[in-house]
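K.L.:
Below you'll find the structure I mean.
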Amino acid sequence: DPQTGGTWDAVITGSETHALMLRTPIDLRDASSAVLLFESRLSGGLSVAAVEVSRDGVIWERVAVLPPSDDWTTVAVDLSAYVGDVVFVRFVYAGVARVEGLTAESWSIRGVSVETRLPQTPRSRPQRPR
């Protein structure tokens with residue numbers, strides 16, 4: 001489980017879709033900004049790897065499509081559009097059937113975290129007497 005330090009691996013062996021939904025919703029009600037961070041390794045090919053976000057767990061919005069990479073790459077997905085809400089996040093890997101003689105395509109993710117910032121309170125300025 002990538003939320004607890006493990007790695008999620010999806011290997012495409014046919015035309016299929018794999019999805020991993022983070023088991024805990026992300027509470028952004030008190031945040032002023034938020035970024036989803038993780039490491040990704042995506043073998044090149046025709047398959048599509050994406051991050052999707054939902055406010056209700058039913059209707060999903062695609063917020064990022066990942067480029068292929070041979071090595072682990074750090075990915076930052078801006079979630080600021082969802083500040084003020086509790087959201088669900090899932091990783092979706094839509095595969096294209098493997099071409100005969102080629103290695104199966106795969107996507108691995110690890111180290112999933114969310115960084116948030118809280119609104120800053122304006123510093124009070126001393127009032128000058130008039």
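The values are calculated or read from the model by the stated rules, or taken from the named source; none is laboratory data. Everything quoted here is computed from the prediction, not taken from an experiment. Cβ: placed from backbone, ideal geometry, glycine included. Neighbour counts: every protein chain shown. Accessible surface is based on the protein model in full, side chains and every heavy atom, while ligands, DNA and RNA are left aside. Shrake-Rupley method; radii C 1.70, N 1.55, O 1.52, S 1.80 Å.
K.L.:
Return the FRET efficiency for the residue pair Ile59, Ala104: r is the Cβ-Cβ distance, R0 is 30 Å, and the value is rounded to the nearest 0.05.
P.N.:
Details: r = 31 Å, r/R0 = 1.04.
Here the calculated transfer efficiency is 0.45.
K.L.:
Here's a follow-up. So, with +1 on the Cβ of K and R and -1 on the Cβ of D and E, and no other charges, what is the size of the charge dipole of region 1-90 about its Cα centre, to the nearest 20 debye?
P.N.:
Dipole size: approximately 120 debye.
K.L.:
Quick one: which residues, 5 or more positions from Ser32 or on another chain, have an amide H under 5 Å from its amide H? H modelled 1.01 Å from N in the peptide plane, none for Pro or chain starts.
P.N.:
Under 5 Å from the amide H of Ser32: Arg117, Leu118.
K.L.:
At a Förster distance of 41 Å, what's the computed FRET efficiency of Ser69 paired with Arg29, Cβ-Cβ distance as r, to 0.05?
P.N.:
Details: r = 33 Å, r/R0 = 0.82.
The computed FRET efficiency comes out at 0.75.
K.L.:
Can I ask one more? Net charge near Asp71, counting Lys/Arg +1 and Asp/Glu -1 over other residues with Cβ under 11 Å of its Cβ? Don't jump to the answer; show the numbers that get you there.
P.N.:
Numbers: positive: Arg41; negative: Glu39, Asp70.
Combined, the nearby Lys, Arg, Asp and Glu give -1.
K.L.:
Additional query: Accessible area, 1.4 Å probe, largest first: how do Glu100, Glu115, Glu39 sort?
P.N.:
Numbers: Glu100 175, Glu115 115, Glu39 60 Å².
The ordering from most to least exposed comes out as Glu100, Glu115, Glu39.
K.L.:
Can you list the residues, at least 5 places off or on another chain, whose amide H is less than 5 Å from the amide H of Ala104, using H built in the peptide plane?
P.N.:
For Ala104, no residues qualify.
K.L.:
Taking H placed 1.01 Å from N in the peptide plane, check which residues at least 5 places from Val114 or on another chain put their amide H under 5 Å from its amide H.
P.N.:
For Val114, the qualifying residues are Leu37.
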